[in-house]
Amino acid sequence: MSIKSLAEDDRPREKFLLKGKAAVSDSELLAIIMGSGNREESAVELARRILNSVENNWHRLSQLSIKDLMKFKGVGEAKAISIATALEIGNRRSQQEVLERQQISNSKDVFEVLQPHLSDLPTEEFWAVFLNHQNKILYKTCLFRGGIASSVADVRVIFKMALEHFSTRIIVAHNHPAGSLKPSREDINITKKINEAGKLLEIELLDHIIITQNKFYSFKEEGIL
């Protein structure tokens, strides 16, 4: 009996996707790690039996050796290593501190975040920094390469990514390899276009930064935005 033959609501992977990780039981999580069961048991049934043997305790399961895990029918070396690996990842995660997201307070903060990525490039790149309501960075990435006029024709890409990261505020930036900080007409036009699109989606454009090797220009500070 394979996972695919089960009712959809009972399939661990589908359940994880449809209902979220909190809806998946311990045995279903273990079944996802193993991927399959044996001829007599589904992956979920095998996982349930393995967990029952350690009183449904992840700490006790982590104490089992590879050989111990391989005593269960349907658990070969590869599955045993996958189980041990997942448990070790959980152990290491529990020992690490939660990283504090970097907060943006002003345009200089943005410059310091993006300067290492943009200051020495021979060609233009257009980046976006996605923020939450506290101006903490959720994600940053290069969106386009090759010049503002030719590459940033569709702002839908920016806001699609903003929605994917549940961002409520964004900052965009690009570099001027020639060293000039003066915004071009295309720079101003795309800034207005992003700003107007953001208003419709209630995603605020906080600033547009132009970066050279050691200086920056802020549309917000200059009153253009």
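The values are calculated or read from the model by the stated rules, or taken from the named source; none is laboratory data. Because the structure is predicted, anything quoted here is derived from the model rather than measured. A quick note on method: Cβ atoms are made from the backbone with ideal geometry, for glycine too, and the neighbour counts reach across all protein chains shown. Side chains are part of the model used for accessible areas, which takes the heavy atoms of the whole protein and leaves out ligands, DNA and RNA. Shrake-Rupley method; radii C 1.70, N 1.55, O 1.52, S 1.80 Å.
Quick one: is VAL44 assigned by the TED database to the domain that holds GLY76, over 19 Å from ILE89 (Cβ atoms), of a type in the set (Val, Ile, Thr) and at pLDDT below 95?
So VAL44 passes the test.
Mind counting the residues in segment 65-111 that are of a type in the set (A, V, I, L, M) and open to solvent by less than 50 Å² (accessible area, probe 1.4 Å)?
9
Is it the case, given these coordinates, that HIS133 is open to solvent by 30 Å² or more (accessible area, probe 1.4 Å) and under 14 Å from ALA173 (Cα atoms)?
no
Of these, SER42, SER53, SER27, which one is of a type in the set (Ser, Thr, Tyr), under 16 Å from SER82 (Cα atoms) and touching a helix residue (DSSP H, G or I) at 6+ places or on another chain (Cβ under 9 Å)?
Going through SER42, SER53, SER27 in turn, the sole match is SER27.
Identify all residues within segment 8-30 that are polar (S, T, N, Q) and either assigned to a helix (DSSP H, G or I) or under 21 Å from GLU77 (Cα atoms) (or both); write none if there are none.
SER27
I'm checking my understanding of the structure. Among residues of segment 176-223 that are in contact (Cβ under 8 Å) with a residue 40 or more places away in the chain and farther than 24 Å from SER119 by Cβ, which one is most open to solvent (accessible area, probe 1.4 Å)?
LEU201
Does any residue of segment 104-113 turn out to be touching a Leu at 6+ places or on another chain (Cβ under 7 Å) and assigned to a loop (DSSP other than H, G, I, E, B)?
The answer is yes; a qualifying residue exists.
Taking interchain pairs and intrachain pairs at least six residues apart, which have beta carbon atoms under 7 angstrom, with the first residue in segment 39-58 and open to solvent by 30 Å² or more (accessible area, probe 1.4 Å) and the second in a helix (DSSP H, G or I) and of a type in the set (A, V, I, L, M)?
TRP58/LEU87
Checking THR123 against (1) outside any loop (DSSP other than H, G, I, E, B); (2) closer than 22 Å to VAL157 by Cα, only one condition comes out false. Which one?
Result: THR123 fails condition (1) only.
Name the residues in segment 180-202 that are basic (Lys, Arg) and closer than 16 Å to VAL157 by Cβ, would you?
The answer is LYS193, and nothing else.
Within the set of pairs 6+ apart or on separate chains, which have a first residue in segment 146-167 that is in the same structural domain as ILE188 (by the TED database), a second that is at pLDDT below 75 and among the β-branched types (Val, Ile, Thr), and C-beta atoms under 9 Å apart?
ILE158/VAL152
Answer with yes or no whether LYS108 is within 22 Å of GLU40 (Cβ to Cβ) and of a type in the set (Lys, Arg).
No, not satisfied.
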